[in-house]
Structures are given as structure tokens and as C-alpha cells.
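**Student:** Sharing a structure with you now.
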Amino acid sequence: RTRYIQTELGFHERLFVAVLTSRATLNTLAVAVNKTVAHHFPRLLYFTGLRGAKVPHGMVLVAHGDERPIWLMYETVHYIHQHFASDYDWFYIMQDDTYAQAEQVKALVTHLSINQDVYLGRAEEFIGGEEQARYCHGGFGYLISRSLLLKLQPHLDSCRNEILSVRPDEWLGRCIIDFLGITCVSQLQGQHYRTYELAKNTEPEKEEEEEFQAALAVHPVSDVTLMYRLHKQFSRIQLDRAYQEIQDLQMQIRNLTSLTPAGEAGLSWPVGINAPFLPKSRFEVISWDYFTEQHLFSCPDGSPKCELAGASKADVSEVIESALEQLNRRYQPLLRFSKRQLLNGYRRFDPTRGMEYTLDLLLEAVTQKGHSHVLAKRVSLVRPLSKVEIIPMPYVTEATRVQLVLPLTVQDLDFVANFLDMFAMNTLDTRDNALLTLLFVYQPYDAQRVGQVDVFAGVKAMVGELEKRYAEVKIPWISVKTEVPSQVKLMDIVSKKHPVDTLFFLASVWTEINMEFLNRCRMNTISNWQVFFPVHFQEFNPAVVYRGEQAASSSTDFLRDGHFDRHSFAEACFYNSDYMTARTKLAADILDRDEVLESMEVFDVFLHYSGLHLFRAVEPGLVQKYALRSCNPRLSEELYHRCVLSNLEGLASRSHLAMALFEQEQANST
């Protein structure tokens with residue numbers, strides 16, 4: 001796990017950015033910075049001396065309560081050291097009237113050594129000071145290394161008391177020079193900190209100077225509109241550079257391909273993108289999905305035809321528009337194309353290169369003389385996979401206690417003994433940090449006779465034996481009377497009897513608990529962030545698969561004769577606090593209509609009412625023996641249908657069923 005490796009080896013995040021703002025510019029320039037470049041930096045905070053300021057949406061603001069410029073700088077540097085010095089290698093401080101090219105700043109720090117004391121920016125002379133001493137101008141931003149920040153911290157109080165200055169950037173520069181002997185530089189280790197000073201009434205769109213286009217920081221930005229215009233212009237410059245670099249790389253690839261053994265035949269299309277995946281068998285063939293401008297013929301719910309809407313509709317529209325743009329770019333001014341109709345559309349996702357499209361377009365072609373002609377043309381397009389990003393996830397550990405919850409009905413009694421044996425062997429014997437709560441679901445008739453005949457008496461006896469064998473273990477149970485054992489209603493009862501920070505694992509009686517899965521349950525469930533719904537592996541019916549033969553027991557047959565049951569949502573890992581939050585939203589939505597709960601599972605509660613990440617993945621650590629599930633007809637039609645499908649698909653594979661039918665027909669014919 002990368003977070004553990006990073007912590008143990010002492011790795012740090014690359015860059016932290018601090019933006020100094022004020023009462024006058026917090027809701028104007030600071031907001032413009034937040035909307036233009038803030039999301040390009042890994043971590044960015046705003047600092048102000050304004051007390052009790054109303055924070056604009058989407059911004060993280062630190063208010064020091066004193067608007068004196070020197071005091072704001074002192075408190076900001078002190079705050080950065082106290083909260084972020086141990087997590088980041090570089091610290092970039094800028095003002096909200098500065099436009100910084102985020103990608104350029106990030107590229108700069110990747111080329112600098114973190115072992116040196118760095119004070120990098122636009123070097124300026126002190127007024128009346130020594131000729132060699134320089135400070136970094138705050139308007140153009142400056143970069144401070146972690147090692148310099150650590151050395152500077154002990155002297156901040158002395159600097160505040162002894163150094164007099166009007167400008168905060170001069171004060172910080174004097175502090176660094178007097179106590180550390182380090183002056184500001186504009187060039188270091190072959191890297192230049194390039195800046196550009198804007199003149200009054202500057203038109204960014206007309207700036208063609210090399211100095212402007214190469215600038216990392218531009219100052220002063222006088223108003224919000226100018227900030228947005230600068231961002232648009234620099235984005236256009238970066239985009240042009242990217243396209244030019246792509247063309248240069250494609251040309252180099254073409255030149256080098258002719259020298260390879262395959263020659264030009266080995267050149268893939270588009271140039272520079274991986275070649276399409278070549279399947280080694282029919283089982284690896286990636287199928288194409290057919291679509292028109294109105295309908296999709298490969299639907300998520302399995303239906304043969306559904307309306308094209310949402311992201312899919314936007315995707316198709318964008319692809320058609322891009323195809324027309326490319327055709328016109330290639331054939332103009334001789335021909336100008338316009339779309340009449342999409343005849344056929346095909347798309348597929350190739351994990352080695354991206355999304356591929358094939359379009360049959362009915363086009364109207366118009367010549368320079370105005371003559372028009374209708375023709376059909378097939379075009380192929382690729383939306384390549386872009387830069388892969390690692391999604392930051394909160395820090396979790398394997399020390400969390402897991403609270404297992406096992407609902408039991410009368411139909412489950414035959415399987416309880418195996419569940420308790422596996423629980424004792426894999427958690428109690430190993431002293432894993434896991435507890436178990438049983439939920440006895442009585443039918444009304446059984447509940448009335450519990451004094452004479454308790455249908456769960458055998459289970460309670462088994463629990464008593466376990467508690468005798470493991471003196472420190474207590475396995476509580478909760479009795480519930482209901483005709484419809486709704487998963488949500490049962491979880492409501494359990495939730496109220498446990499603390500909010502409890503990590504629940506909602507299990508089924510066929511689940512075989514093991515330490516490997518419990519650890520994945522802990523790691524994949526993150527409070528206020530993510531819930532985990534594993535897809536267990538369901539073994540097929542041995543009577544159909546082996547037909548009287550001995551089942552193979554070698555390790556190579558692990559997870560062979562079965563399938564991952566995607567119709568089952570019985571197992572789930574989640575925190576009680578997240579469930580209570582989602583359940584509160586559900587209650588407000590359905591008001592007093594409790595019958596709605598009978599058509600829902602815990603998965604539906606989190607899907608529609610939590611806003612959390614739902615991690616649904618196959619789980620090889622959860623293997624269940626074959627058993628014919630009892631499907632309760634009192635549940636909703638969807639839940640009942642899902643249960644029936646689970647039973648049918650869990651019977652055997654197609655090849656096994658075909659062989660069984662063949663043998664039966666052979667027996668009947670003789």
C-alpha cells in the first residue's frame with residue numbers, strides 16, 4: 001500500500017501553495033485565483049488577517065485576525081511550518097494579484113534538489129542596502145524549500161521583534177539573509193524563475209513577447225477580468241505547445257518506424273497511441289456496442305435497447321462533432337461537409353488505448369462553386385486514455401475492530417454450525433479484532449411459541465459452547481419478530497445498539513469468515529468517504545459439475561468451478577455513522593411509508609442517499625459453498641427476482657449444464 005511505503009520511507013508531498021489575500025480582494029481576486037489555477041495545485045490555502053471573514057465557496061481560508069502586513073507574513077510562515085513542514089518539500093507563497101502558471105511551477109520543483117536551502121523568485125535589491133543582498137518580490141511569488149523553512153522557524157520571533165520594514169516580502173527576505181545568510185536568486189541548478197511585469201491597460205491576447213509566454217508568474221493583476229483573460233491566454237499557449245509537441249513526436253515515430261524490422265507496417269494509428277488489443281482467443285474479444293443518435297443497443301441494465309441520454313448522449317454528440325471538424329479541416333477549402341444523419345455508430349473500450357469509435361455518416365458535401373452532393377462516409381476515431389492520476393484517499397489502518405452482523409431465519413438453521421466453526425477458527429483462534437452479533441428473525445407464529453419451542457434454541461446452545469470455550473468472548477443476539485425480513489429494517493435495529501464509530505460487516509450465513517477478507521474490509525471502508533460491497537465467489541452445485549466424480553482439490557482449481565455472484569448484495573462493510581447519516585436522509589424522503597423499506601437493501605440506501613464512494617468489487621477471499629437460497633416472496637419483485645437469478649446462475653456453468661443435458665438425453669435414448 002503506497003501510503004504505508006510513503007510514511008515508512010519518509011516521502012513527502014511535492015508542493016504546498018499559500019495565497020496571501022486581504023479584506024479588499026478576498027471576494028474578487030482571491031476567488032479568481034481559486035477558479036483559474038487553484039485546482040492545478042495539489043494543495044492550496046488562502047491566508048488573511050481579516051477576523052471572522054465569510055469564506056467564499058470552495059476555498060480553504062486561514063484567518064489570523066491581524067491585518068498588519070508584517071504580522072500576516074509572520075503568522076503565515078509560522079502556520080505553514082507548524083502544520084505542513086513535515087508533509088511537503090516545497091512551499092510557494094504568492095499574492096492574490098499574481099497569476100502563476102501552475103503547471104510551470106510544478107515542473108520547476110521537479111527539477112530542483114530538495115537537499116538545498118532554496119529561496120527562489122524575482123530577486124530585488126533592498127533600498128539603501130548591500131549590493132549583494134536580494135529579497136524575492138512578493139508580487140511575483142517565491143519558492144522556499146523545506147530545509148530552509150525548518151532552519152528559519154527558530155528565528156521568526158527575533159525577526160518580528162528586530163526587523164523593521166513596510167513590505168512583508170522585504171521583511172521575510174531580510175530575516176532569511178540576516179539569520180541564515182541566504183539571498184534570493186532567480187536562477188538555480190540550471191532552472192530560471194521567469195516573470196513578467198504587466199503594464200497598465202495590457203491586452204493579454206496581443207502579448208507575443210517570448211518573455212511573456214515563458215513567464216511562470218505575472219504581476220500585477222489589477223482586476224478579476226484581467227485574471228480570467230490571462231488564464232485563457234496562457235491556456236491557449238500551453239495547448240498550442242502541447243499540439244506542437246505531439247506533432248514533433250509523431251514525426252519522430254514515423255521516421256524511426258521505417259528502421260524497425262516491421263517497417264512502416266508496424267506503425268499504429270493514431271501515431272503514438274498503442275495498437276489495438278489483439279485477442280488470443282474468442283473469450284478475449286472486445287465487443288462493439290451499437291448506437292444511433294437516439295438509442296443505445298447495449299444497456300447497463302441488460303435490456304436490448306434504451307434511450308441515449310446523459311453522459312452517453314454527450315459522448316456521441318461530441319464524437320460526431322469532432323468527426324465533422326476533422327473532415328472539414330482536411331478537405332477545406334475544396335469541400336465543406338455538414339451532417340445529414342448518423343447511419344450507424346459503434347464504440348468499444350480498449351483498455352490498452354482508450355475508447356474507439358466507428359461512425360457511418362450521411363454527409364452533404366458542398367464544393368467551392370456551391371455544388372452539393374450527398375454521400376456516406378465511414379470514419380474511425382479514438383479517445384485515448386489520458387494521464388493517469390492517483391486519487392488521494394484518507395489514511396486507514398488494519399487495527400480497526402470489525403463488528404460482524406449475521407441475520408438468521410428459520411431457513412438458515414442448517415448452515416449456522418459451519419458459519420460459527422469458521423468464525424471460531426479464523427477469528428477467535430487467531431485473536432483477530434472482530435466481534436459477532438446474531439440477529440434472530442422470528443416469524444410471528446414462531447415468536448408466539450418461543451416459550452414452548454424456540455426454533456433458535458440449537459443456535460443459542462452453540463453460542464453458549466463457544467462462550468465456554470473462549471472465556472473472554474461474548475456473542476450477543478437480538479430477537480426480531482417480522483414477516484418480511486427487510487435488510488434495512490434489521491440494520492436499523494442493530495445500528496441503534498452500537499456506537500457511531502462501529503465498522504459493520506453485514507454477513508450472510510453462507511459466508512466463511514477469514515482474516516484476509518476482514519483486513520480488506522478494514523482497508524476498503526473509509527468513514528465519511530467509502531463503503532465496500534464485496535462480490536463473493538459462489539461455487540456451483542457439485543452434483544451437476546462433477547456428476548458423481550470426486551471433486552478436484554488441488555490449488556490450481558481454486559475459484560474454478562463457480563462464479564462471482566453479482567446479483568447478491570448480502571455482504572457489506574460500512575461505518576455506523578455513514579449508515580445513520582444516509583438513513584436519516586432516507587427517512588426524510590419516504591416520511592412514514594415504511595413499506596418502501598421492503599423494496600430496498602442497504603446498498604440502495606448508500607447508493608441513493610449517502611453521496612459516498614460505493615466500492616463494488618469481486619472478492620476472492622469470500623468463497624461460499626453451493627446452497628439453494630430460500631427466496632422470500634414477500635419481498636419486493638426486484639429483490640425476489642434477483643434472488644431467483646442468483647440461484648439459477650449459481651447452479652452450474654453453461655458447459656456443465658450442456659453436458660448434464662447431453663448425458664440425460666443419452667440415458668433416455670437407451
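**Student:** How many residues are touching a residue at least 40 places away in the same chain (Cβ under 8 Å) and touching a helix residue (DSSP H, G or I) at 6+ places or on another chain (Cβ under 7 Å) if we restrict to segment 587-599?
**Tutor:** 2
**Student:** As an exercise: evaluate T397 against (1) more than 30 Å from M523 (Cβ to Cβ); (2) hydroxyl-bearing (S, T, Y); (3) surrounded by fewer than 16 Cβ atoms within 10 Å (Cβ to Cβ); (4) not assigned by the TED database to the domain that holds Q341 and give the number of the one condition it does not meet.
**Tutor:** The number of the failed condition is (1).
**Student:** Taking segment 158-188, which residues are without any contact (Cβ under 8 Å) to a residue 40 or more places away in the chain, out of contact with any Cys (no Cβ under 8 Å at 6 or more places or on another chain) and acidic (D, E)?
**Tutor:** Once the filter is applied, which keeps residues that are without any contact (Cβ under 8 Å) to a residue 40 or more places away in the chain, out of contact with any Cys (no Cβ under 8 Å at 6 or more places or on another chain) and acidic (D, E), segment 158-188 yields only E162.
**Student:** Among the residues of segment 57-76, count how many are out of contact with any strand residue (DSSP E or B) (no Cβ under 6 Å at 6 or more places or on another chain), open to solvent by less than 30 Å² (accessible area, probe 1.4 Å) and not in a loop (DSSP other than H, G, I, E, B).
**Tutor:** Taking segment 57-76 first, the residues out of contact with any strand residue (DSSP E or B) (no Cβ under 6 Å at 6 or more places or on another chain) are 57-58, 64-75.
Still in the running and open to solvent by less than 30 Å² (accessible area, probe 1.4 Å): 65, 72-74.
Retained after the next criterion (residues that are not in a loop (DSSP other than H, G, I, E, B)): 72-74.
The total comes to 3.
**Student:** So how many residues does segment 586-610 have that are loosely packed, with under 14 Cβ neighbours inside 10 Å and under 24 Å from the mean Cα position of the chain (by Cα)?
**Tutor:** 1
**Student:** Could you say whether any residue in segment 128-140 is out of contact with any Pro (no Cβ under 7 Å at 6 or more places or on another chain), open to solvent by less than 20 Å² (accessible area, probe 1.4 Å), closer than 22 Å to E13 by Cβ and not in a loop (DSSP other than H, G, I, E, B)?
**Tutor:** Within segment 128-140, the first condition is being out of contact with any Pro (no Cβ under 7 Å at 6 or more places or on another chain), and the residues that meet it are 128-137, 140.
Still in the running and open to solvent by less than 20 Å² (accessible area, probe 1.4 Å): 133, 135-136, 140.
Still in the list and also closer than 22 Å to E13 by Cβ: none.
No - not one qualifying residue is present in segment 128-140.
**Student:** Name the single residue that is farthest from S486 (Cα to Cα) among those in segment 413-472 being surrounded by 14 or more Cβ atoms within 10 Å (Cβ to Cβ) and of a type in the set (V, I, T).
**Tutor:** Per the criteria, the residue is T427.
Residues are listed down the side, and each one gets a yes or a no for (1) over 30 Å from A314 (Cα atoms); (2) in contact (Cβ under 8 Å) with a residue 40 or more places away in the chain; (3) acidic (D, E):
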position: V388; (1), (2), (3): no, no, no
position: E398; (1), (2), (3): yes, yes, yes
position: P407; (1), (2), (3): yes, yes, no
position: D412; (1), (2), (3): yes, yes, yes
position: V416; (1), (2), (3): yes, yes, no
position: M425; (1), (2), (3): yes, no, no
position: F440; (1), (2), (3): yes, yes, no
position: G451; (1), (2), (3): yes, no, no
position: F456; (1), (2), (3): yes, yes, no
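**Student:** Going by the structure shown, is I144 at pLDDT 90 or above, crowded, with 18+ Cβ neighbours inside 10 Å and not in a strand (DSSP E or B)? Spell out how you get there, then give the answer.
**Tutor:** On the way: at pLDDT 90 or above: yes; crowded, with 18+ Cβ neighbours inside 10 Å: yes; not in a strand (DSSP E or B): no.
So I144 fails the test.
**Student:** Further question on the same structure: Of the residues that sit in segment 67-110 and are charged (D, E, K, R) and under 27 Å from the mean Cα position of the chain (by Cα), which one is nearest to G52 (Cα to Cα)?
**Tutor:** Residues of segment 67-110 charged (D, E, K, R): 67-68, 75, 87, 89, 96-97, 103, 106.
Then drop every residue that is not under 27 Å from the mean Cα position of the chain (by Cα), which leaves 87, 89, 103, 106.
Numbers: D87: 28, D89: 31, E103: 33, K106: 32 Å.
So, considering only residues that are charged (D, E, K, R) and under 27 Å from the mean Cα position of the chain (by Cα), the one nearest to G52 (Cα to Cα) is D87.
**Student:** Now for a separate question. Looking at D117, D169, D157, which one is acidic (D, E), surrounded by fewer than 19 Cβ atoms within 10 Å (Cβ to Cβ) and part of a helix (DSSP H, G or I)?
**Tutor:** Values: D117 fails: part of a helix (DSSP H, G or I); D169 fails: surrounded by fewer than 19 Cβ atoms within 10 Å (Cβ to Cβ).
Every option except D157 fails the conditions.
**Student:** Select, from E389, E472, the only residue that is outside the structural domain of L506 (by the TED database) and either touching a helix residue (DSSP H, G or I) at 6+ places or on another chain (Cβ under 6 Å) or acidic (D, E) (or both). I'd like the intermediate steps shown before the answer.
**Tutor:** Details: E472 fails: outside the structural domain of L506 (by the TED database).
After applying the criteria, what remains is E389.
**Student:** Somewhere in segment 243-258, is a residue closer than 30 Å to Y142 by Cβ, part of a helix (DSSP H, G or I) and open to solvent by less than 70 Å² (accessible area, probe 1.4 Å)? Give the derivation first.
**Tutor:** Taking segment 243-258 first, the residues closer than 30 Å to Y142 by Cβ are 245.
Next, from what is left, pick out any that are part of a helix (DSSP H, G or I): 245.
Pick out the ones that are also open to solvent by less than 70 Å² (accessible area, probe 1.4 Å) and you get none.
Within segment 243-258, not a single residue is closer than 30 Å to Y142 by Cβ, part of a helix (DSSP H, G or I) and open to solvent by less than 70 Å² (accessible area, probe 1.4 Å).
**Student:** A further question follows. Checking the conditions here, which among E293, E284 is acidic (D, E), free of Cβ contacts under 8 Å to residues at least 40 places away in the same chain and under 28 Å from R347 (Cβ atoms)?
**Tutor:** Working: E293 fails: free of Cβ contacts under 8 Å to residues at least 40 places away in the same chain.
Of E293, E284, the one residue that is acidic (D, E), free of Cβ contacts under 8 Å to residues at least 40 places away in the same chain and under 28 Å from R347 (Cβ atoms) is E284.
**Student:** Identify all residues within segment 600-641 that are at positive phi and in contact (Cβ under 8 Å) with a residue 12 or more places away in the chain; write none if there are none. Walk me through how you get there before you give the answer.
**Tutor:** Our first condition is that a residue be at positive phi; within segment 600-641, this holds for 611.
If the condition is that a residue be at positive phi and in contact (Cβ under 8 Å) with a residue 12 or more places away in the chain, then no residue fits.
**Student:** Next up: What helices (runs of 4 or more DSSP H), lying completely within segment 576-653, carry at least 3 residues that are farther than 29 Å from R522 by Cβ and at pLDDT below 90? Show your work before the answer.
**Tutor:** On the way: elements: 576-590, 602-609, 637-649.
The helices (runs of 4 or more DSSP H) meeting that bar are 576-590, 637-649.
**Student:** Is it true that some residue in segment 182-197 is within 30 Å of I70 (Cβ to Cβ), open to solvent by 70 Å² or more (accessible area, probe 1.4 Å) and part of a helix (DSSP H, G or I)?
**Tutor:** no
**Student:** Can you confirm whether A102 is closer than 26 Å to Q238 by Cα, open to solvent by 10 Å² or more (accessible area, probe 1.4 Å) and either in contact with a helix residue (DSSP H, G or I) (Cβ under 6 Å, 6 or more places away or on another chain) or among the aliphatic types (A, V, I, L, M) (or both)?
**Tutor:** Numbers: closer than 26 Å to Q238 by Cα: yes; open to solvent by 10 Å² or more (accessible area, probe 1.4 Å): no; either in contact with a helix residue (DSSP H, G or I) (Cβ under 6 Å, 6 or more places away or on another chain) or among the aliphatic types (A, V, I, L, M) (or both): yes.
Spelling it out, it is not the case that A102 is closer than 26 Å to Q238 by Cα, open to solvent by 10 Å² or more (accessible area, probe 1.4 Å) and either in contact with a helix residue (DSSP H, G or I) (Cβ under 6 Å, 6 or more places away or on another chain) or among the aliphatic types (A, V, I, L, M) (or both).
The values are calculated or read from the model by the stated rules, or taken from the named source; none is laboratory data. All values reported here derive from a predicted model rather than from experimental measurement. Every residue, glycine as well, gets a Cβ built from its backbone with ideal geometry; the counts of neighbours run over all protein chains shown. Accessible surface is based on the protein model in full, side chains and every heavy atom, while ligands, DNA and RNA are left aside. Shrake-Rupley method; radii C 1.70, N 1.55, O 1.52, S 1.80 Å.
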